[in-house]
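Inspection log for the structure reproduced underneath, given as structure tokens.
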Amino acid sequence: MKLLVCLLLTLNAQLTAAAIKQIETKKSGIEFSAKGRPALIAITGEAPFNQGSLSIEDEKISGTLTVALQMITTGIELRDEHLKEKYLEVAKFPEATLVIEGVSIQGDRFEGRLILHGVEQKISGTKEVKSDLSSVKAAFDIKLTDFKITIPSFQGITVADVVTVTANLNLKETK
């Protein structure tokens with residue numbers, strides 16, 4: 001019984017002590033999906049995180065994650081070019097940043113702020129935190145027009161205003 005109590009106290013101390021987790025950028029990134037109209041085609045893309053870290057203290061997660069928008073790929077070179085140059089305007093707005101503050105490890109919801117296209121908006125969504133704190137997955141929807149992004153349209157296909165973003169984070173301890 002004493003051994004069990006000691007193990008539980010040790011585990012609790014590990015969870016409540018401040019820990020800084022570095023994002024493994026080669027294994028972490030965002031994915032996004034949007035619907036096209038009128039054909040209801042799915043448009044998907046991805047980009048790696050170029051920097052970020054999370055601190056975990058008192059069972060709460062805080063941190064900042066950044067994506068270099070020039071790294072977005074959708075699988076079609078011309079679409080990537082239009083997305084980056086015409087709609088995201090990466091020359092003027094090269095990064096997107098997700099900021100989270102004091103999000104509980106427990107539960108499946110989170111709130112944060114997204115800075116995209118020079119606009120900062122509150123976002124909320126769902127999250128999954130692996131019990132050993134080695135990974136976090138978060139998903140949320142954004143409206144392009146909330147970020148002053150023109151709705152993409154090309155050859156009669158228009159992208160829906162709502163885009164689903166999923167962040168996949170693989171974490172490692174910093175030393």
Q: Determine, for each peptide in 120-133, 55-68, the mean count of other beta carbons within 10 angstrom over its residues, then list the peptides with the highest first.
A: 55-68, 120-133
(Q) Less than 10 Å Cβ to Cβ from residue 167, Lys/Arg counted +1 and Asp/Glu -1: what total charge do the surrounding residues give? (A) +1
Q: Select from 94, 151, 72 the residue farthest towards the positive end of the dipole of the chain; place +1 on Cβ of Lys and Arg, -1 on Cβ of Asp and Glu, and compute about the Cα centre.
A: 72
Q: Calculate how steeply helix 2-16 sits against the longest principal axis of the alpha-carbon atoms of the chain, using the helix alpha-carbon long axis, and give the answer as 0 to 90 degrees to the nearest 10.
A: 40
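Rounded to two decimals, what is Rg over Rh for the stretch 22-175 when you use alpha-carbon atoms and the Kirkwood radius?
0.98
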Q: Measure out, as a whole number of angstrom, how far apart the alpha-carbon centroids of the stretch 101-175 and the stretch 41-88 sit.
A: 9
Q. For the chain, what is the calculated [θ] at 222 nm in deg cm²/dmol (nearest 500), taking -39500 (n - 2.57) for each run of four or more DSSP H residues and dividing by its residue count?
A. -3500 deg cm²/dmol
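Readers should treat all values here as calculations from the given coordinates under stated rules, not as data from a laboratory. Computed from a predicted structure; not experimentally measured. Cβ: placed from backbone, ideal geometry, glycine included. Neighbour counts: every protein chain shown.
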